[in-house]
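Everything below concerns the one structure shown next.
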């Protein structure tokens, strides 16, 4: 006998667009059992993502929560992956399990932007936060086959408008995925100095360019220390970035 909350979770996933097999894997229960739960009293699939997709509605021009959209876009460009080959597209963002606050923030962003249901799938060293929804491709047109750094990543005009209005949230998403804040130690004339520093690393020149653009919008000084690595080290620049990003939690 499985707990009622497991059965309820499986049905929620199914009604949100997941297949029976996907729901079974998510809750760790056999396929026949989950199929019985989901099919015994058929209910119409939810149309939540269609109703919440501002790109598909003529009466809505912008996301309900543009700050959360900007943050989620940053996470996606860093550690996200949108699978469109399945019957229902699924957005997945990998988060290190050392940062539970990041995992919660990612789940919150997915829910606020589009998702009716969000799952946490544990792997060794990380948690994959994922959401099924037919309209994720509408909101993340940068998806495509292969690795991000091997294909162009260009924002649509409507995305640029959102980021221009909320560059700090976008930067927070980028740094929460592919960035870090740490104590940099240098030795000058035999004396050691310690100061905070931010680094952002990404193999995609396009994504790196978007990071540079957003930092420029915020008036935050940066420099490239390698072709795939950006540094923010000036005291006033670090202080400004702290207001938008801050240490991961």
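Please list the equivalent ellipsoid semi-axes of segment 91-187, computed as the square roots of five times the alpha-carbon gyration tensor eigenvalues, in descending order and whole angstrom.
Semi-axis lengths for segment 91-187 are 23, 20, 15 Å.
Fewest first, what order do 157, 97, 79 take by the number of other Cβ atoms within 10 Å?
Taking fewest neighbouring Cβ atoms as first place, the list is 157, 97, 79.
Could you put 175, 54, 182 in order, starting from the residue whose Cβ has the fewest other Cβ atoms within 10 Å?
The order, fewest Cβ neighbours first, is 182, 54, 175.
Whole number please: convex hull volume per residue, Cα atoms of segment 158-249, in Å³.
Output value, Cα hull per residue: 97 Å³.
When every alpha-carbon pair in the chain is counted, what percent end up more than 33 Å apart?
Working: 7992 of 30876 pairs.
In whole percent, the share of Cα-Cα pairs in the chain beyond 33 Å is 26.
Measure out, as a whole number of angstrom, how far apart the alpha-carbon centroids of segment 184-228 and segment 160-181 sit.
15 Å
Would you mind ranking 158, 222 so that the residue whose beta carbon has the fewest other beta carbons within 10 Å leads the list?
158, 222
Values in this text are rule-based calculations from the coordinates and carry no lab data. Quantities reported herein were computed from a predicted structural model and do not represent experimental measurements. FYI the Cβ positions are ideal-geometry reconstructions off the backbone, even for glycines, and counts take in every protein chain you see.
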